[in-house]
Structure formats: structure tokens, C-alpha cells
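Peer 1: One structure, as C-alpha cells, below. Some questions next.
The values are calculated or read from the model by the stated rules, or taken from the named source; none is laboratory data. The shown structure was predicted, so the numbers you read here are calculated from the model rather than taken from an experiment. Positions of Cβ are backbone-derived with ideal geometry, glycine not excepted, and every protein chain shown enters the neighbour counts.
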2 protein chains.
Amino acid sequence: METPNFDGGFVHAVAVDAESGDVLMLAHMDGEAFERTVETGYAHYWSRSRQQLWKKGKTSGNVQRVREIRLDCDGDAVLLEVEQEGGACHTGHRSCFHRVFDGERFVEKGERVFDPGEVY
Amino acid sequence: METPNFDGGFVHAVAVDAESGDVLMLAHMDGEAFERTVETGYAHYWSRSRQQLWKKGKTSGNVQRVREIRLDCDGDAVLLEVEQEGGACHTGHRSCFHRVFDGERFVEKGERVFDPGEVY
């Protein structure tokens, strides 16, 4: 299987920061989102909550320029290496994974890179 | 929300290589898999295809010792930093994301680190 398998409607999409190597977010792509990403060079996703195509950063300006796309062994997940403008997370953090397990619970870690009140 | 949200049955789980920083695989965890991971220090997942708890590497020996667990902003994905024994992928590759998009299609990249015929 040499293409993403969109039989289930969408595939998982993991975005990694080209600069730091950190995982920024996990989202989903349908066939159209994948095509638009390839055509434009900017990450597009399928919003499961809003049931629509979503250009990452369209509202916030925090776009993701895609440098590389990888596909996993069973074709249901893609990995995007991106140049992230600002922060990936709607909370203002660079990465959506900004809570770390301390053995009992998850605690906030890291500074915000933008103020979500000013952006959304 | 300070814990993974298992209301949908499971959360996404992205495993990252503690050594190289590379994304190794994407899988899923239900509440039991999460608890077993925390208790044992080794990654456990929920196999959606087999509908059962799955200790990564139980058959192959390619276990994942978990160094850190992170949670994303909406609580439906966790990020595991792991010490990966051997390779994460059942194809013998270190990472499941071993195919790279060349603009038209995905092509194999990288060597196998083990022979799946000898392991499974």
C-alpha cells in the first residue's frame, strides 16, 4: 500500500517541528486535506468536530509549512515535518503536548509562545 | 481536563524514540493500557484490530521502556518517550514511518533493523 488509506474517511496526522524535532500535535486528514497539503505546501486537516476541511493557522496565522510527509506501515497515519509559525496549540503553547505525567497526574510544563486571547 | 479522556474508548498514543527523537509509531490506549503502562513502565496499547490489550514487544521482544508521558490539550492523545528495543515496526524497520513522499508517491527509505521472519 503506497498511499494513505482513506477508506475509514481519514488518516491520523502527526505534526513534528522541523526546528526542534518535538511533536506538535495530532490531527486527522481526509483525501481532500491531503491533496490540499501537497498542492499548497501548507498543512490542511480534516476537523472531526466541525466536519470540515481546515487549513491550520488560517484564523491564527500559525500556519505549518510542510517539509516532508511520511506514511506508516499500515497506511493509516502520516507524519508531517513542518515549519511551525508561532505555536501549534490553541492554548498558546508551541506544542499541544504541554502536560507531563509526574507519576500521579499531568502537570503543565513550558511557557506560552502567544496569547490566545489576542489571536482567536 | 488533567487525565486522558477515555470516553471514546481509547486515546491516540504516539511513541517517540528517546534516543533519536524520531516518531516510531502511532497506536491507541484504553484506560487499562494506560494503567498497565504506568504500573509496569513498559508501553501497553489497545489493539483495535484484535480488540485486546497488547504489551508492545511481547512476541517480538521489541519492548518500549517509557521515560515520559505527555498529554495533549484536548486530552485525546498521549505522547510516549520510549527506549525502543530493536525496532518498533513489524516490518523490521526502527520506525513505522519508513515511507517518504517524493511529490507523487511514497517510497521506502531506511534499512531494516531486524528480520521480521525471524521474530514473528
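Peer 1: Does residue B:103 satisfy the criteria of being farther than 29 Å from residue A:49 by Cβ and within 10 Å of chain A (Cβ to nearest Cβ)?
Peer 2: Answer is yes for this residue.
Peer 1: Here is a check on your reading of the model: is residue B:81 closer than 27 Å to residue A:90 by Cβ and modelled with pLDDT under 95?
Peer 2: no
Peer 1: Which members of segment B:44-64 meet the condition of being assigned to a loop (DSSP other than H, G, I, E, B), closer than 16 Å to residue B:87 by Cα and not hydroxyl-bearing (Ser, Thr, Tyr)?
Peer 2: Hits for segment B:44-64 are B:56, B:57, B:58, B:61, B:62, B:63.
Peer 1: Condition test on residue A:38, is it modelled with pLDDT of 95 or more and surrounded by fewer than 16 Cβ atoms within 10 Å (Cβ to Cβ)?
Peer 2: Yes; evaluated as a whole, the condition is true for this residue.
Peer 1: So residue A:53 passes all but one of these: (1) closer than 27 Å to residue B:18 by Cα; (2) more than 12 Å from the chain's Cα centre (by Cα); (3) surrounded by 14 or more Cβ atoms within 10 Å (Cβ to Cβ). Which condition number does it fail?
Peer 2: For residue A:53, the exception is condition (1).
Peer 1: Report every pair of residues separated by at least 6 positions or lying on different chains whose Cβ atoms are under 6 Å apart, first residue within segment B:58-75 and in contact (Cβ under 8 Å) with a residue 24 or more places away in the chain and farther than 22 Å from residue B:94 by Cα, second of a type in the set (A, V, I, L, M) and not in a strand (DSSP E or B).
Peer 2: B:75/B:1
Peer 1: Related question: Tally the residues that are assigned to a loop (DSSP other than H, G, I, E, B) and either at the interface with another protein chain (Cβ under 10 Å from one of its Cβ atoms) or crowded, with 20+ Cβ neighbours inside 10 Å (or both), restricting the search to segment A:11-20.
Peer 2: In the first step, residues of segment A:11-20 are kept if they are assigned to a loop (DSSP other than H, G, I, E, B); the result is A:18-20.
Now restrict to residues that are either at the interface with another protein chain (Cβ under 10 Å from one of its Cβ atoms) or crowded, with 20+ Cβ neighbours inside 10 Å (or both): A:20.
Of the residues in segment A:11-20, 1 are assigned to a loop (DSSP other than H, G, I, E, B) and either at the interface with another protein chain (Cβ under 10 Å from one of its Cβ atoms) or crowded, with 20+ Cβ neighbours inside 10 Å (or both).
Peer 1: A follow-up question, please. Residue by residue through segment A:68-95, note down the ones that are within 10 Å of chain B (Cβ to nearest Cβ), assigned to a loop (DSSP other than H, G, I, E, B) and acidic (Asp, Glu).
Peer 2: A:72, A:74, A:76
Peer 1: Condition check: at negative phi, modelled with pLDDT of 95 or more and more than 10 Å from every other protein chain (Cβ to nearest Cβ). Does residue A:57 satisfy that?
Peer 2: So residue A:57 does not fit the description; no.
Peer 1: Residues in segment B:26-49: is at least one touching a strand residue (DSSP E or B) at 6+ places or on another chain (Cβ under 8 Å), within 9 Å of another protein chain (Cβ to nearest Cβ), over 16 Å from residue B:3 (Cβ atoms) and not aliphatic (A, V, I, L, M)?
Peer 2: no
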